[in-house]
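Heads up, the thing below is written out as structure tokens.
The values are calculated or read from the model by the stated rules, or taken from the named source; none is laboratory data. If you're wondering where the values come from, they're calculated on a predicted model, not measured in any experiment. With ideal geometry, Cβ positions are generated from the backbone for all residues, glycine too; neighbour counts draw on all protein chains shown.
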């Protein structure tokens, strides 16, 4: 397997006059040619001047993509109010960042969100910590997002520092599988929570089967089934700062998972101010010539550069062949 850059598709993220950057970039196939995108901290300039220095930054926003073909798809972005989080967290001083999601067989939309709180860190950009998982059910995902009815489901407490579903989500043999990485541990162990799909449909997450599947994960990853290779594929950024994108494969969601294979260097050359992260797979998107769509985010340790350089802090597309 190898990855090549797919720059022409980036215009899906860069063409809006108000939404001028964001990270996360998890996607969910809603069916009927509609794809939901979930973003973390996002720059919103209500004046349409595309000025990040004057922009607001809600902690989460979404977009609705119409059409699976990346060469022809259209995108519309959403947030609440003028510049508020699309999914507000119920607790003060906490917020949601996107994890993963899936359309349930019954028609509802299940979203797993990372619950985040501020924590001390020498680097202000990393002064946060994961404190749990929020399970949200959208009852009417076929309607426009500004009409969505959202319920918060009971979800079992996970390890502090781990968000279930943020490191991958899939359905297999009548079960829902949620992956999460324990970010408190240096070896970044990845755990799998397994639920009967019928129970998840009923909003019952009370009795998961949990197991450790491999080490060396990331908070944000993607897991999907490759029908051509008849293997499950886990894709992620490896390292910190100047990261590389790599994959693992397995015959089943539980594993056993292969050793990681590095398939792409998104930085190309070394720029000490830049870092890359949040590599994810998007197998429901269509690419002329085939392959699996991949996104990652390029950011900067320098706040002045982040505010001025609008070539960064957008998701970027690549294709896994």
In segment 16-43, which residues are closer than 16 Å to residue 311 by Cα and either at pLDDT below 95 or crowded, with 20+ Cβ neighbours inside 10 Å (or both)?
19, 20, 21, 22, 23, 42, 43
Kindly provide the set of residues from segment 75-90 that are in contact with a strand residue (DSSP E or B) (Cβ under 9 Å, 6 or more places away or on another chain) and exposed (fewer than 11 other Cβ atoms within 10 Å of the Cβ), ordered by number.
82, 90
Condition test on residue 86, is it free of Cβ contacts under 8 Å to residues at least 60 places away in the same chain, under 25 Å from residue 142 (Cα atoms), under 18 Å from the mean Cα position of the chain (by Cα) and outside any strand (DSSP E or B)?
yes
Say we look at segment 296-310 and pick out the residues that are touching a helix residue (DSSP H, G or I) at 6+ places or on another chain (Cβ under 9 Å) and under 18 Å from residue 268 (Cα atoms); which of these is surrounded by the fewest Cβ atoms within 10 Å (Cβ to Cβ)?
301
Return the residue satisfying two criteria in turn: it lies in segment 176-193 and is under 13 Å from residue 211 (Cβ atoms) and touching a residue at least 60 places away in the same chain (Cβ under 8 Å), and of such residues it is surrounded by the fewest Cβ atoms within 10 Å (Cβ to Cβ).
192
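Conditions (1) assigned to a loop (DSSP other than H, G, I, E, B); (2) on the phi < 0 side of the Ramachandran plot, marked per residue:
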residue: 9; (1), (2): no, yes
residue: 24; (1), (2): no, no
residue: 35; (1), (2): no, yes
residue: 51; (1), (2): yes, yes
residue: 64; (1), (2): no, yes
residue: 82; (1), (2): yes, yes
residue: 91; (1), (2): yes, yes
Is it the case that some residue within segment 273-281 is surrounded by fewer than 22 Cβ atoms within 10 Å (Cβ to Cβ), outside any strand (DSSP E or B) and modelled with pLDDT of 95 or more?
no
For residues that are over 30 Å from residue 240 (Cα atoms) and free of Cβ contacts under 8 Å to residues at least 40 places away in the same chain, tally how many sit in segment 205-219.
2
Those residues of segment 234-271 which are free of Cβ contacts under 8 Å to residues at least 24 places away in the same chain and part of a loop (DSSP other than H, G, I, E, B) amount to 239, 251, 256, 258, 259, 265, 268, 269, 271
